[in-house]
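Chemist: Quick one: the structure is below, and I'll ask about it shortly.
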Amino acid sequence: MPESVAKPPAWVVEADRWFPRSNLSPRRARAFLREVLTRAKGGERYADSGELVLSELVTNAVVHGADRGTLIRVIVSLAENRPLRIEVHDIGTARRPVPRQAVGTGEESGRGLLLVKSLATRWGCCPRVQGFGKFVWCEIPPADDQA
């Protein structure tokens with residue numbers, strides 16, 4: 001007899017969506033996150049930092065990932081009294097992200113992972129279970145918990 005899996009409680013919100021490797025995907029991922037957070041009690045407390053961090057992680061997957069045509073998966077989950085968890089799965093490459101410092105004030109890149117590190121309580125990078133690619137994850141506290 002198949003084992004049944006219980007649905008998560010109503011105060012747990014989880015969602016995932018696939019995006020093309022496209023310059024439009026960071027904007028679309030932010031809209032997806034806003035949609036998910038509207039379903040969560042107190043979700044608005046995660047919106048500003050969550051959207052900023054998600055945008056940076058999806059942009060990194062688009063810019064530094066493999067060839068265009070591969071997909072990026074975004075998974076978000078939020079449970080009561082827990083941080084917002086964001087995962088960005090890049091199936092195109094297993095190359096791990098490396099935080100770096102922008103060289104000059106006019107340089108347009110080099111700050112994304114430093115921003116993630118400053119807004120997240122924890123973050124990291126892991127190989128995907130399926131054996132190809134990687135995912136970068138982070139946990140974002142609600143706005144009133146940030147220093």
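Chemist: Pull out the extension gain between ARG39 and GLU14, defined as 0.36 nm times the separation in residues minus the alpha carbon to alpha carbon distance; nm, one decimal.
Modeler: 8.0 nm
Chemist: I would also like to ask the following. FRET efficiency for LEU114 and ILE75, Cβ-Cβ distance as r, R0 = 22 Å, nearest 0.05?
Modeler: Efficiency computed from Cβ-Cβ geometry: 0.45.
Chemist: With r defined as the distance between the Cβ atoms of VAL129 and ARG28 and R0 fixed at 22 Å, what FRET efficiency is calculated, to the nearest 0.05?
Modeler: Computed FRET efficiency for VAL129 and ARG28 comes out at 0.35.
Chemist: If each residue of separation counts as 0.36 nm, what is the full-extension length gain between ASP48 and THR121 once their alpha-carbon separation is subtracted?
Modeler: 24.8 nm
No lab work stands behind these numbers, since they all come straight from the coordinates. Fair warning: this is a prediction, and the values are worked out from it, not measured in the lab. As a convention, Cβ positions derive from the backbone with ideal geometry for all residues, glycine included, and neighbour counts pool all protein chains shown.
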